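The values are calculated or read from the model by the stated rules, or taken from the named source; none is laboratory data. These numbers were taken from a predicted model, which means no experiment stands behind them. Cβ placement follows ideal geometry from the backbone for every residue including glycine, while neighbour counts extend to all protein chains displayed.
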Amino acid sequence: MWIYEKKLEFPIKIKKTDPALAKVIISQFGGPDGELAASLRYISQRFAAVTPESKATLSDIGTEELAHLEMIGTMCRQLTADANIDEIKKAGFDAYYVDHGLGVYPASASGVPFTAAYLQSKGDPITDLYEDMAAEQKARSTYEYLMNLTDDPDVLEPLRFLREREIVHFQRFGEALQNVKAYMDSKRQFVIDKPDYMNGNKSKCMKCR
Amino acid sequence: MRIMNTETNNDMSCMPFEEYIKVKELAFAYVPLQKICSYFEPTESLVKGTVFPSLYKPYK
Ligand SMILES: [Fe+2]
């Protein structure tokens, strides 16, 4: 269950129209290392998590990535809302405009529509956490590349905030990894049967939820 | 937005991570668990993106 708060995680008030910038920032909306992929990845993987701590980490960060998606969508909208046709053409935003107008559509900077192929949900809690740590690093790199492409402080501030969140997420997934590892290695598993879903036994997977 | 710096760091000898890591095997990654030493002020944390000075690693 979710609770929606009618505010952004970080305020966004962009004054300068810049469709060229919107064209690249959209990648963090629906691109390969974007917030939608991140959220969907964690919210999917959470069902195969084996400890309450790692499940909570995936749920919480998956939820926060949705708040980041909202921030990125807001940025794209504010960068283009007042753009006239000349600005749209000059910025090379015309190809996007033809398909989506000034709407915010989940696609990469190069125009590839969002696909779930950007993420995995492997059913192995260790493997999934390694992917999550890599995903946070890829998102951090993307934010740095985006920061290299602008000097508008109204854009830089939220980008800087989002990049910092990726660093914190990496740390939390790293801690979740140790938590899951300790659970997997714990003596308890030699005393009681592992649940079916930890043995890759899908046919008897009664506890998969 | 002005970035303040109001870190409440009382103890400089406090390490913000576990200091002793027992390596038990190859082919496994390890991120040290965080230990809390100090905080930023709440409003400053909301601007910076973290309440923990030890996790604040700005790009430029
Ligand atoms: Fe993240």
Collect the residues in segment B:32-50 that are facing chain A (nearest Cβ under 10 Å) and under 8 Å from the mean Cα position of the chain (by Cα), keeping them in residue-number order. B:Gln34
Output yes when any residue across segment A:44-55 is within 14 Å of another protein chain (Cβ to nearest Cβ), surrounded by fewer than 20 Cβ atoms within 10 Å (Cβ to Cβ) and more than 16 Å from the ligand (Cβ to nearest atom), and no when none is. yes
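Return the residue satisfying two criteria in turn: it lies in segment A:22-43 and is among the small types (Gly, Ala, Ser) and part of a helix (DSSP H, G or I), and of such residues it is nearest to the ligand (Cβ to nearest atom). It would help to see each step written out before you state the result.
So the first thing to find is which residues in segment A:22-43 are among the small types (Gly, Ala, Ser), and the list is A:22, A:27, A:30-31, A:34, A:37-39.
Then drop every residue that is not part of a helix (DSSP H, G or I), which leaves A:22, A:27, A:30, A:37-39.
Values: A:Ala22: 21, A:Ser27: 15, A:Gly30: 15, A:Ala37: 10, A:Ala38: 5, A:Ser39: 9 Å.
Looking at the filtered set, the residue picked out is A:Ala38.
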Looking for something touching a residue at least 60 places away in the same chain (Cβ under 8 Å), on the phi < 0 side of the Ramachandran plot, in contact with an Asp or Glu (Cβ under 6 Å, 6 or more places away or on another chain) and buried (at least 18 other Cβ atoms within 10 Å of the Cβ) - is there at least one such residue anywhere in segment A:104-117? no
Mind checking which pairs have a first residue in segment B:36-58 that is closer than 21 Å to B:Glu18 by Cα and a second that is at pLDDT 95 or above and of a type in the set (Lys, Arg), Cβ under 7 Å, 6 or more apart or different chains? B:Phe40/B:Lys48; B:Tyr56/B:Lys48
In segment A:166-187, anything part of a helix (DSSP H, G or I), over 18 Å from the mean Cα position of the chain (by Cα) and not acidic (Asp, Glu) is listed as A:Leu177, A:Gln178, A:Asn179, A:Val180, A:Lys181, A:Ala182, A:Tyr183, A:Met184
Hey, which of the helices (runs of 4 or more DSSP H) in segment A:75-165, taking only ones fully inside, have at least 1 residues that are within 14 Å of chain B (Cβ to nearest Cβ) and either more than 25 Å from B:Tyr30 (Cβ to Cβ) or more than 16 Å from the ligand (Cβ to nearest atom) (or both)? A:125-148
In segment A:32-42, the residues that are crowded, with 24+ Cβ neighbours inside 10 Å and either of a type outside the set (A, V, I, L, M) or within 14 Å of another protein chain (Cβ to nearest Cβ) (or both): A:Gly34, A:Glu35, A:Tyr42
